[in-house]
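Participant: Have a look at the structure that comes next, please.
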Amino acid sequence: MTIGHDAEATVASLRGQGVKAVRLLYTDLHGVARGKDIPIGHFLELLEDGVAFCSVIMGTDLRHNPVVGGEEGYVDFSVRPDPETLRIVPWQPEVAWCLGEAWTLDGSDHWPSCPRALLRRVVERYASRGLVPVVGPELEWFLCKRDAAAPNGLGRYVDELSRVYTVGAISDPLQINLRTLLWADELGLKAFAGNHEFMNSQYEINLKHSAALDAADRAFMLKAAVKEVAATEGLLATFMGRPFTDQGGSGFHVHLSIADAEGGNAFAAADAELSGLGMHFIGGVIAHAQGLQALLGPTVNAYKRILPDSLAPTHANWGHDNRTAFCRVPNERGSRARVEIRTGDGSACPHLIVAALLLAGIDGIERELEPPEPVVGDAYRMDDAHAGTKLPGDLGSALDALEADTWLVEELGQELVATFTAMKRFEVERFAAAVGTFDPEVVTAWEVEEYAAHL
Ligand code: GLU
Ligand code: MG
């Protein structure tokens, strides 16, 4: 990589605006933002070779256990900044965020378990067919506070029923969500609306859709921003699937469509809900739904959200404007025609799940898979013959399903999947040893300790 004039000009402009440090961030397999702060005067010299990190970070679980990577001697990888992602942090304007990807030290290839590199490859695969995947990420989370007197030590910032779709000081006394919304938009995340969600102290900020890599970057940065802004107020924002026994969970819904070479929506059809290409895409997602589940719900806790009446699906199916379905086809047509995947929760790694869903979709397109009949009405109350194949009900079963989907494993990369499953199997083992039987109705202190602060 040669250091282009553009990067130099961008850095000069940032300095002129008072930026003193670049915060180089990259995603691990959990979707956690890792990185280093770099004084701006040293940033350009790092563009070419990147910044070294111990590669075991990609195989380290959320309890500090280096599960994968030690056997190779804890070698380094290098994170190379993508200068096109540089942006001033509005709540800390002396800092600019810059995203990066993990490479081998000699720069000959991406590191095999780098989620952003994976998504880049998947997008290139679509491009080779003249297609541009378009993604709209939709995330929910809880604003919490540590409270020794609360169940599992986790209290809520606002704790009243039925605050859904309210805004203002009553549902957000410190106006944290409003400030996060405005800062997220200034940060370039295309954040266009925010509100209190259905559950007590649950919030949502809506992001516009855009090309897949940019959209995954924005979802990743929104998670980091929400957590960081909450932390500066002494609160804890969590995207874990279901942090409270007495509340439902937080989704990470992914809206997907595909632009064709002329920029038109290839999912649009003049006389149907979705084009043939759109239906094949859904066919692919449903064909791989079982294997996708481990990535969409990558924690022990995720399976306590995906229950009847949660507005998250329990079966691999699709439906017209149906919030009980895995794939919901919203009631919008033409340029807005799309499919919404409702299974994931906010603990999922944005780059990884967008890549995996797009892979499943392109398999459907390439093999011209037809989806089953759509579900009509409440899929939670249908028998399995009508609701579709039941999704794995716990993380261990979901990991089995992922490993059994050999096509998906190959496309995601054997090494990436092996690293992910090894960490996650160890997580399941640790849960079983510490807690015992998995009860989907009860959120344990173990889960809050394991996930709330990280995810
Ligand atoms: N909180 C629900 C979920 O876990 C979604 C509610 C909504 O449709 O916004 O997916
Ligand atoms: Mg919502």
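Participant: Looking at THR299, THR324 in this structure, which one is in contact (Cβ under 8 Å) with a residue 24 or more places away in the chain, in a loop (DSSP other than H, G, I, E, B), over 23 Å from ALA216 (Cα atoms) and β-branched (Val, Ile, Thr)?
Facilitator: The match here is THR324.
Participant: Just to be sure I understand, how many residues within segment 130-185 are small (Gly, Ala, Ser), touching a residue at least 12 places away in the same chain (Cβ under 8 Å), in a loop (DSSP other than H, G, I, E, B) and more than 16 Å from ligand 1 (Cβ to nearest atom)?
Facilitator: 1
Participant: Name the one entry in ASP400, ASP383 that is more than 26 Å from ARG34 (Cβ to Cβ), open to solvent by 60 Å² or more (accessible area, probe 1.4 Å) and modelled with pLDDT under 95.
Facilitator: ASP383
Participant: Now, a different point. Out of LEU24, LEU29, LEU46, which single residue is open to solvent by 40 Å² or more (accessible area, probe 1.4 Å) and aliphatic (A, V, I, L, M)?
Facilitator: Values: LEU24 fails: open to solvent by 40 Å² or more (accessible area, probe 1.4 Å); LEU29 fails: open to solvent by 40 Å² or more (accessible area, probe 1.4 Å).
The conditions single out LEU46.
Participant: Name the residue that is farthest from ASP246 (Cα to Cα), counting only residues in segment 201-210 that are open to solvent by less than 10 Å² (accessible area, probe 1.4 Å) and more than 10 Å from ligand 1 (Cβ to nearest atom).
Facilitator: Per the criteria, the residue is ILE205.
Table: residues versus (1) part of a loop (DSSP other than H, G, I, E, B); (2) within 16 Å of ligand 1 (Cβ to nearest atom); (3) closer than 20 Å to LEU402 by Cβ.
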| site | (1), (2), (3) |
| --- | --- |
| GLY241 | yes, yes, yes |
| THR245 | yes, yes, no |
| PHE252 | no, yes, yes |
| ILE258 | no, no, no |
| ALA261 | yes, no, no |
| LEU274 | yes, no, no |
| GLY278 | no, no, no |
| GLY283 | no, no, yes |
| ALA294 | no, no, yes |
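Participant: Same structure, new question: Would you confirm, using the coordinates I've provided, whether LEU292 is closer than 19 Å to MET279 by Cβ and within 18 Å of the chain's Cα centre (by Cα)?
Facilitator: Values: closer than 19 Å to MET279 by Cβ: yes; within 18 Å of the chain's Cα centre (by Cα): yes.
Yes; evaluated as a whole, the condition is true for this residue.
Participant: Okay, next question. Being among the hydroxyl-bearing types (Ser, Thr, Tyr) and open to solvent by 20 Å² or more (accessible area, probe 1.4 Å) is the filter here, so list the residues in segment 301-312 that pass it.
Facilitator: Scanning segment 301-312 gives a single hit, SER310.
Participant: Here's a follow-up. For a quick check of your reading of the model, give me the residue pairs whose first member lies in segment 67-81 and is in contact (Cβ under 8 Å) with a residue 12 or more places away in the chain, whose second is buried (at least 23 other Cβ atoms within 10 Å of the Cβ) and of a type in the set (Phe, Trp, Tyr), with beta-carbon atoms closer than 8 Å and at least 6 apart or on different chains.
Facilitator: Correct list of pairs: VAL79/TYR26; PRO81/PHE43.
Participant: Among the candidates ALA387, ALA348, ALA418, single out the residue that is of a type outside the set (Asp, Glu) and within 27 Å of GLU204 (Cα to Cα).
Facilitator: ALA348
Participant: Test of understanding: among LEU311, LEU307, which residue is within 16 Å of ligand 2 (Cβ to nearest atom), modelled with pLDDT under 95 and of a type in the set (A, V, I, L, M)? Working first, answer last.
Facilitator: Values: LEU307 fails: within 16 Å of ligand 2 (Cβ to nearest atom).
Going through LEU311, LEU307 in turn, the sole match is LEU311.
Participant: Count, please, the residues in segment 313-367 that happen to be surrounded by fewer than 24 Cβ atoms within 10 Å (Cβ to Cβ), over 20 Å from the mean Cα position of the chain (by Cα) and closer than 30 Å to LYS227 by Cα.
Facilitator: 1
Participant: Is it the case that some residue within segment 435-450 is farther than 30 Å from ALA102 by Cα and assigned to a helix (DSSP H, G or I)?
Facilitator: The answer is yes; a qualifying residue exists.
The values are calculated or read from the model by the stated rules, or taken from the named source; none is laboratory data. For clarity, every value in this text was computed on a predicted model and none was experimentally measured. As a convention, Cβ positions derive from the backbone with ideal geometry for all residues, glycine included, and neighbour counts pool all protein chains shown. The accessibility values were calculated without ligands, DNA or RNA, using every heavy atom of the protein model including side chains. Shrake-Rupley method; radii C 1.70, N 1.55, O 1.52, S 1.80 Å.
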